[in-house]
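The next block holds one structure in the form of structure tokens; read it before the comments.
The values are calculated or read from the model by the stated rules, or taken from the named source; none is laboratory data. Keep in mind that what you see is a predicted model, and the values were worked out from it rather than measured. Cβ placement follows ideal geometry from the backbone for every residue including glycine, while neighbour counts extend to all protein chains displayed. Accessible surface areas use protein heavy atoms only, side chains included; no ligands, DNA or RNA. Shrake-Rupley method; radii C 1.70, N 1.55, O 1.52, S 1.80 Å.
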Amino acid sequence: MPLSTQSQTGDDNYVLVASLDNVRNLSNILKAITFKDHAIFNATPNGLKVTVEDSKCLQANAFIQAEIFQEFTIREDSVGFQVNLTVLLDCLTIFGGSTVPGVATALRMCYNGYGYPLTLFLEECGVVTVCKINTQEPDEPIDFEFCSTNVTNKVILQSESLKEAFSELDMTSEVLQITMSPSQPYFRLSTFGNSGNAHYDYPKDSDMMELFQCTKTQSNRYKMSLLKPSTKALALSCKVSVRTDGRGFLSLQYLVRNDDGQICFVEYYCCPDEEVEEE
């Protein structure tokens, strides 16, 4: 693809240049975190981290490693900006997001630094479109202080089994209760909707359970309205890690394979709605 293999005039002026032979490797993972208009982009030599937040209760992060890109050049230790994610996705799919075999939209994304727009060069079948999107100074993302040393319970599941659970749970429930325990029921999802209470249990030795590490019994409730955006990431993923810390904060980490079989990660953090008294 010409955009990723040919050097563009004026590249020396850009603090960030990222190229992809297939734009879907970026647009699909951004769709998995699109639930608010604005997103914070933070680029380092390791790759791109894109953050979207709702109030101070929910945060989604998409991680696209530098190796995913055909070219990833950054001239500073860290480059940050904020853009309208809805507008960005409209631009990335300007050619329609074709899934026809052998037809892909190539992307060259360039950023010139503070105050400059994010410039996108998109090419498909010899046709090139240039989009410029206004950027803003990035807000400081919320620090949920969720660190691995404070994780009390963790399970890794095949995504298919969680998709099945979400299809069967009563989505009229205002909350989803997650129970994790070293003893039965081990890992339980509960709803309290119009049709009554419903539970979905996973045995710890289930074929769908890749890892089960629970040190204490915890039941926490999370607003369904906050969790619903994460189902976009679930739909794309092949595995999901569910973790809770001592405060009941929830981390959902999704492993996503792109069109080329490369691995990216999407992570959602959600604060608990209320703690349930252990019976």
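Worth a mention:
- Sparsely packed loop sites in the stretch 80-150 (the GluC sites (Glu not before Pro) outside DSSP H, G, I, E and B with at most 11 other Cβ atoms within 10 Å) comprise Glu145.
- Two-site FRET efficiency, Asn84 against Thr215, from Cβ-Cβ distance with R₀ of 41 Å, rounded to 0.05: 0.45
- Applying 1/(1 + (r/R0)^6) with r as the Cβ-Cβ distance of Asn13 and Gln262 and R0 = 25 angstrom yields a FRET efficiency of 0.30.
- Placing R0 at 45 angstrom, the Cβ-Cβ distance between Glu67 and Ser195 gives a FRET efficiency of 0.45 after rounding to 0.05.
- Across the stretch 151-161, coupling constants 3J(HN,Hα) worked out from phi with the 6.51/-1.76/1.60 Karplus curve, θ = phi - 60°, read 6, 9, 9, 8, 9, 10, 10, 5, 4, 3, 5 Hz, and Gly and Pro carry x.
- Note on the chain: with neighbouring protein chains present and a 1.4 Å probe, carbon and sulfur make up 46 percent of its accessible heavy-atom surface.
- The stretch 49-84: GluC sites (Glu not before Pro) in DSSP loop, at most 16 other beta carbons within 10 Å: Glu76
- Radius 11 Å from Cβ of Ala104, net charge of other residues (Lys, Arg +1; Asp, Glu -1): -4
- For volume of the Cα convex hull per residue in Å³, the value computed from the atomic coordinates appears in the list [x] 293; [y] 123; [z] 137 under label [z].
- Helical content of the chain, expressed as a calculated mean residue ellipticity at 222 nm, amounts to -3500 deg cm²/dmol (DSSP H runs of 4 or more residues, -39,500 (n - 2.57) each, divided by residue number, nearest 500).
- Overall Cα dimensions of the stretch 198-265 - principal axes, largest extent first, Å: 40, 31, 25
- Residues of the chain: accessible area per residue with a 1.4 Å probe, Å²: 47
- Using only alpha carbons, the stretch 150-204 has a radius of gyration to Kirkwood radius ratio (Rg to Rh) of 0.98.
- Overall, the chain carries a charge dipole of about 240 debye about its Cα centre when +1 sits on the Cβ of Lys and Arg and -1 on the Cβ of Asp and Glu, all other atoms neutral.
- Checking the Cα-Cα distances for Lys132/Lys223; Lys36/Lys204; Lys216/Lys239; Lys31/Lys132; Lys36/Lys132; Lys132/Lys239 against a 26 Å cut-off, the pairs over it are Lys132/Lys223; Lys36/Lys204; Lys132/Lys239.
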